[in-house]
Every structure is written in C-alpha cells, then in structure tokens.
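A quick write-up on the structure given underneath.
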Amino acid sequence: MRKPVTFLLVLVLGLALAVKVTFKYTPPPGLEVHSVSLRGSFNGWSETPMIQQPDGSWTVTLDLDPGEYTYKFFINGQWPRDMCDDPTFGSPMVDPQADGCTDDGFGGQNAVRIVEAPVTKTASGPVELAFEHDPAQARYLSVADGRLAVRFSAGAGSVAKAELLAEGARYEMHPQLEARGRAYWRVSLPDRPTRYRIHVVQTDGREATFGPFEYSGNAFRGLDWVGERVGYQVFPERFLNGDVGNDARALASDEYNFNAKWRRLDPENKPFLSPWDGPVTPQLCCHQYFGGDLAGILDQLDYLAGQGVGLVYLNPVFDSGSAHGYDTHDYLKVSPKFGDKETLRRLLDEAHERGIRVLFDFVPNHTGLGFWAFRDVVRRGPNSPYWNWYFIKKWPFEPGDETAYECWWNIGSLPKLNTGNPGVRRYLLEVAKYWIRFGFDGVRVDVPGDLIGAHDFFAEMRRELKKINPEAYLVAEIWQADVSWLEGDEFDSLMNYALGRGAILKYAKGKPAAFASGKRALREMSQVYAVFPEASIDMGFNLIDSHDTSRLLTDVGGGRFGQEPTPEGLARQRLATAILYALPGVPVHFQGDECAFLGEKDPYDKQRYPLQWERCDAGMQTFYRDLARIKTSLPAFDTAIWRAYLGEGPLLGFCRGEPGPGEVLALFNNSTEPQTAPLPPGAWQDVQTKRTYRGKVPLEPLGWRYLRRR
C-alpha cells in the first residue's frame, strides 16, 4: 500500500507564532536583592537568570508560543510562597503583570501568564494558510463513535470552507476550535479503508486541494462504552464500614510494623483505629483507620446505581501499609482490612449485574516497606535475588531511611522499583494481567511518568491487557495535557485534571474575573482538545477533584471542613458539575461530592474524611442524579464531538454532537448577575424546561442551560 502523504505547509510554526514576553520583578521597599531568576513551565522549572536594571528592577524577555504558563521568581535563592501575596517578596502581587495565580501543589501559588496568539499574515495581507494534516498522527485521524474522525489545522482565520473528498463522495468539514493561532476543522465518515483529499477554500477566495491521503483501517479506536457513563471514585477506607470484624486487621499490616526508622524516632505515634466520626488528627491521611471496606461498597451498590453511576474507580484495594493503599505489600492479595478475594469477586459480579464497570488502581512505580521483595533485600542485602529490583545506595540499612535507597518523592516508606529490570517488568505486567482476568474492566495507573522506561512499559502493558480484554479501559494519572501518552499504543485517556482543574474549576470560582473569564476557559478547553485524538476525547476520564485534591465545594469557596456550605459555594459546585457532565467522555466525581461535603487538602487531607452519610445534602444528591439522567439521555452527549462556541466575559459555551438537529449547546454563566447569551441561528429547546428560544437566551446568576437544536 502506498505510504501516507503528510502535508505540513508551515513556516516553522513554533517560531512563526512566538511572542516576545517580558517578565519584570520590582523588589518592595527595604528588600535588598542579590539575584533573581525566572523558573516556570516554559523552561522545565530550570533557571533563567534575570538582569538587574538601573531602576532596581530585574527583567528578562523570552520568546513564548501562545498559551498559558505558570512560573515563579527565584529571589535570593528562595521561592516566594505565594506569587499573588507574599509579605517578604511583594504584596499583594509579587508580579503585578501576572494574569492570576494557581495552586503550586505545595500549599502556595504559582503566577500565571497568558500569552495571546498573534495574527499571522502574508506580505499581501491575507492570513497564512499553513495547512497541516498527517493521518499517522492520532490527533488528526482516529476512530470515535464507530466513525472515522478526520481533522486538519490551518492558520486561524485563513479557511472559509473545507470538504473531504473520498470515493466519489463529498463530506462537508466544520470548524471546531482555535488554539495557539491555529484553527481546527473536522468531519466524520464511515470507518473503512479509504483514500481521501481535503479541499480548502481560503478566506481570500483562493482554493487548494491536499492529498491523496490513505487510511488503511488501522487507527486509534475509542471504546464505545466509556462515554455513555457517569463515573464515581471510591476511596474504600473512608466510604462505608460494612464489616467491623476486619477493622483491626489494618493495624497488623500497617507500615509501622516495617518502618524501623519510624519506630525508633517516634515509637508512640502509632497507627490507630478511630470511630467513623472520630476527630481529625495528623494521621488522617495515612494511618488513622475508620473501617471502610469492600462490604461497605457492596452495601451501597444500589445507591450508586440509583445515582446513575456506570463506572466505579477504586483506589487501591490490595494489601498495603496505609489507609490510602499506595504502598503495596502484596499486589495479588486483597488487603485484609478490606476483605478478601471472595468479597471482591462478589463486588465485581454484583456491580456488573447493575451495569456498573469497575477500574482497579495499579501502582507500578514503587512498593511499600512490607513488600516481600523489599523485605528480602533488607534481610539479605546484595545476596538477595531482588537486590536489583530497587536502587540501593547502602546496606545494611534501616527500613524507612530515605537516604539508603531511591524512593518516590524522597519518602522513605515508598522505595522505587527498577522497572528497567526485566524481572520487575515481567512481574508487574503479570499482576496487571491477573486482575483484568479476575474481572476488572480496566485500570488507572498511578504516576506512570515516574517509571524507568515508562513509554515502553505501558506500550507492552496495553498490548497484553488488550489481548485479554479488548474493551479494557486504560487510564493514566497524568495531570498535564501530555498527548505523548495518547497515540493509540499506550493509554486510552489521561486523568483530565487539565480540563477539570485547569479550565472548569478556575472558571467556576469566578475570581479574579480576568483569570476566570469564559474566554480563558474556552481557550484552555480548546488547547486540550486541539491535541487530543478524538478517540481519546470520546473516552476522556474527566474530573475536577479526587483523593489528591481539596473537595470541589471547598475549592469553589463553599467553606472548609466542619463548616456549613455557603449558598454561593453550592451554586458554584452545581455550575462546575454541569460543565463537567457536558464534556465528551465520562464525568468522574469523588465520593461524597454529591452530598455537598467540604474538605481541604492542607492540612491532613481532610477531603478523605469518612463519609457521614446521614449528613448528605438531599438537594445536591438529586442534582447529580438528574445530571446523570440528562447526560445518558442525550445522544449528542454520547459522542466525541466538541466545538467551541462562546467565551465572552462571564459566559462560556460549547456545542456537542454533529452540527444539525439534535446537537446540544451548553451555556454557562459564572457571574452573580443574570446574563443574556447569543444563540446560533435556528430554534433551540431547553432540555429541562422544554421552552424554545431563538436569537438569545437568558441565564440566571451562576446558571446554565443545555439547549437542543430543533
């Protein structure tokens, strides 16, 4: 077969779109500054020195592509804790030119700079076409919703009309979005091998035809079952205690029994059992046990099904040394504090009977101190056959001593596995295969980017798991929109924090206004969808919060743990959730969000506090249940198709489904004042009220609508 043709009519695209951006730091009065450097997402958080100016300020100018960047100044060898308000280095703003701030993951805030795309024109005036399409790249060609999705990109504003020509048929292509100075157009056609061309009419009237391109029938394919569901994350130890008889078993397997350093330095600070409504302590994260288990999840399966849940993501349920389970002791054994394999088998069977599929959480980067191979290394040192399963720096050593071996984030209780070792690799792959054969419907992988030889490992994992179950759903815990994992040979989806926290959460918070505008939210979504394959968009694992973040209600300003939620906070949670449920893929919310529970991550991970079911907010439960019903009843919401529509002031809007009757327009208002949104031509019916609108539609304060084209 003829080799596919790739057209890249781009004049070094990255350089053509680069914008000169100057960063400037002005020290506050009285602060003597000796050195300043700039560190951020644009330079891999490495050091870019800044130059002192005659007026005492420090500056540097960089060439940056359009996009959103996070950064900090590194001043006198120190990080400002909060770039939006630091009493030492600048208050209220360390960098007044910043467009806002965002969590840095360490209790402070990074500054954010938004770089707008320039308009690229030819010498005579029209916008440069710069056509790009490569069928070998999944973002330009993949299979979603059972159809072949084809896209191309060109200079923003350069294309007036486009068609795909295949086998004597002409398919009209539609504009989808703009991102970083590029416009993306798409179409879907029957999924069969074909040769095709793309015909473009430019805005200045010129025409061009590109191709032929070839599709052999091999492409990244979406799983049809994922996007039709609503997801729910269960943190088993804090969900429900269904069997008090296994509670004490948590203490027998706890890390304390294996961590010699802990026992030597703090012997009285032991793990302990707590009542379900016990007080928050410094041990809440990891070693304060409340008794949640698999039996508790079984007891609530009818509740989950009643809430419209069709996918459950379980945090680790295998033998470990903590409440969270990310320090595995035995990958093939159910944690005794949760139950046993028979209980897990029953849970999977009964979930499947209710139409609920289940993902397990896999931790291949590191183990706990109680893992049998690590314990053998502790005992036998270099004579252990598992010596090279880890990166040992000295022996003998005290378990828990982070200086004695490589460990994740320098945490001594999490020794890092050497996944470059063929024995380690084979063992972990067999573990994953075992649980897929056992009956799990897919896997969420913890910190995949930290593994040695990560991409090769997960490519092999995909091949082996898909042989067992071609419908297995593979999700990577990658927080950024890193498309390198989504080429069709590794994962089906990332955990889309880039959408949930990067776009939705910031918009739903509503402040500062420039940082929470509809324009910014639409741009962030567009930048993600511009690079993601439609197959992966169709399977998107979309979330805003999880066990690793503060609760959604707390994040949007609804209050802190132990407080009564504010009415505005509740409204902003509903707004954020309505956006999440309108995106292609599966919306996944953390246990208890539907109860309007509060909980901040710092200190002590209070978002993980046991669910106090009797305090569940019935109104919020109904809201989530109704959203699930709407999502699963709208055919447009069960597609991969997302098209940008509106980003103006507090208004955000996007379309779902193919253009024409049945497509859905989702509109949102993050202002506390009523707004009016413009409508595309035609009649649009509110999915909930059934009222039809033309031309424009009112939106209540913090309100939203799903409107179906009639």
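Pairs of alpha-carbon atoms within less than 8 angstrom and 6+ residues apart define the contacts here; what relative contact order does the chain have, in percent? Present the calculation step by step, with values, prior to reporting the outcome.
On the way: 1649 pairs, mean separation 73.1, N = 710.
Rounded, it is 10 percent for the chain.
Hey, if you put +1 on the Cβ of every Lys and Arg and -1 on every Asp and Glu Cβ in the stretch 179-284, which of L240, A208, S274 ends up farthest toward the positive end of that dipole?
So the residue furthest toward the plus end is A208.
Output the peptides 185-192, 318-325 sorted from most to least packed, where packing is the average of other Cβ atoms within 10 Å over each peptide's residues. Please report the intermediate quantities before stating the final value.
Values: 185-192: 18.1, 318-325: 24.8.
So the order, starting with the most tightly packed, is 318-325, 185-192.
In the stretch 328-390, carbon and sulfur make up what percent of the accessible area (probe 1.4 Å)?
42
Cα centroids of the stretch 677-703 and the stretch 234-282: how far apart, whole angstrom?
The distance from the Cα centre of the stretch 677-703 to that of the stretch 234-282 comes to 52 Å.
For the chain, which cysteines have no disulfide-compatible partner, meaning no other cysteine Cβ under 4.7 Å?
Within the chain, the cysteines lacking a partner Cβ under 4.7 Å are C407, C655.
With a 1.4 Å probe and all protein chains left in place, how much accessible area per residue does the stretch 202-300 have, in Å²?
On the way: 4030 Å² over 99 residues.
On a per-residue basis, 41 Å².
What's the extension gain from Q621 to K433 if we count 0.36 nm per residue and subtract their Cα-Cα distance? Walk me through the numbers before you get to the answer.
Details: separation 188, 0.36 × 188 = 67.68 nm, distance 3.62 nm.
Gain on extension, Q621 to K433, equals 64.1 nm.
Please give the length that would be gained between A208 and A248 if that part of the chain were fully extended, namely 0.36 nm times their separation in residues minus their C-alpha to C-alpha distance (nm, one decimal). Each step should come with its number before you reach the end.
Working: separation 40, 0.36 × 40 = 14.40 nm, distance 7.21 nm.
Computed gain between A208 and A248 is 7.2 nm.
Using θ = phi - 60° and the Karplus curve 6.51 cos²θ - 1.76 cosθ + 1.60, what whole-Hz ³J(HN,Hα) does each residue of the stretch 159-171 get, with Gly and Pro shown as x?
The phi angles translate into 10, 9, 7, 8, 9, 9, 10, 8, 6, x, 9, 10, 10 Hz.
Once Lys and Arg get +1 and Asp and Glu get -1 on their Cβ, which of F561, P28, L301 lies farthest toward the positive end of the dipole of the chain?
L301
Identify, among W684, G703, G592, the residue whose Cα sits farthest towards the positive end of the charge dipole of the stretch 577-710, taking +1 on the Cβ of Lys and Arg and -1 on the Cβ of Asp and Glu, with the dipole about the Cα centre.
My answer, from the dipole projection, is W684.
Which lysines have a Cα less than 18 Å from the Cα of K631, not counting those fewer than 8 places away in the same chain?
By straight Cα distance, K631 reaches K690.
Under the rule of -39500 (n - 2.57) per DSSP H run of 4 or more residues, summed and divided by the residues of the chain, what mean residue ellipticity at 222 nm is obtained, to the nearest 500 deg cm²/dmol? Walk me through the intermediate numbers first.
Numbers: 15 runs with 141 residues, N = 710.
My calculation for the chain gives -5500 deg cm²/dmol from helical runs alone.
Place a +1 charge on the Cβ of each Lys and Arg in the stretch 209-252 and a -1 charge on the Cβ of each Asp and Glu, then give the dipole magnitude about the Cα centre in debye, rounded to the nearest 20. Let's see the in-between values first.
Details: 4 positive and 6 negative charges, 14 e Å.
Roughly 60 debye, rounded to the nearest 20.
Taking the alpha-carbon centroid of each part, what is the distance from the stretch 582-645 to the stretch 395-453 in angstrom?
31
Under 28 Å between alpha carbons, and skipping anything fewer than 8 positions from K161 in its own chain: which lysines qualify?
List returned: K3, K121, K519, K696.
How do the peptides 78-90, 54-66 rank, highest first, by the average count of neighbouring beta carbon atoms within 10 Å per residue? If you can, show how the numbers build up before the last one.
Details: 78-90: 18.6, 54-66: 14.2.
Sorting 78-90, 54-66 by mean packing, highest first, produces 78-90, 54-66.
Tell me, what ³J(HN,Hα) does each residue in the stretch 32-47 have, in order and in whole Hz, if you take phi through Karplus 6.51 cos²θ - 1.76 cosθ + 1.60 with θ = phi - 60° and put x for Gly and Pro?
8, 10, 9, 7, 9, 10, 10, 9, x, 5, 7, 10, x, 6, 8, 8
Where Lys and Arg each count +1 and Asp and Glu each count -1, what net charge lies around R520 among other residues with Cβ under 9 Å from its Cβ?
Numbers: positive: K506, K519, R523; negative: E68, D99, E524.
Residues near R520 contribute 0 overall.
Can you list the lysines whose alpha carbon is less than 22 Å from that of K341, not counting same-chain residues fewer than 8 positions off?
Answer for K341, where 22 Å is the Cα cut-off: K333, K433, listed by chain and number.
Counting only protein heavy atoms and a 1.4 Å probe, tell me what percentage of the stretch 410-456's accessible area is made up of carbon and sulfur. Working shown, then result.
Working: 820 of 1550 Å².
Exposed carbon and sulfur together represent 53 percent of the surface.
Can you work out the accessible area per residue across the stretch 665-710, with the rest of the protein chains kept in place, probe 1.4 Å, in square angstrom?
On a per-residue basis, the stretch 665-710 sits at 50 Å².
Ordered by packing density, taken as the mean number of other Cβ atoms within 10 Å over each peptide's residues, highest first, how do 521-533, 623-635 rank?
Values: 521-533: 23.7, 623-635: 17.5.
By packing density, highest mean first, the sequence is 521-533, 623-635.
What are the membrane-span-like helices in the chain by this rule: whole DSSP H runs, Cα extent along the axis at least 15 Å, mean Kyte-Doolittle hydropathy at least 0.0?
Helix filter hits for the chain: 567-582.
Work through the residues other than H329 whose Cβ is under 14 Å from its Cβ and net out their charges, Lys, Arg +1 and Asp, Glu -1.
Values: positive: R249, K333, K337, R375; negative: D254, E255, D319, D327, D330, D376.
Neighbour charge sum, excluding H329 itself: -2.
The values are calculated or read from the model by the stated rules, or taken from the named source; none is laboratory data. Everything numeric in this text was worked out from a predicted model, so none of it was measured. All Cβ positions, glycine included, derive from the backbone under ideal geometry; neighbour counts span all protein chains shown. These area figures cover heavy atoms from the full protein model, side chains too; ligands, DNA and RNA do not enter into them. Shrake-Rupley method; radii C 1.70, N 1.55, O 1.52, S 1.80 Å.
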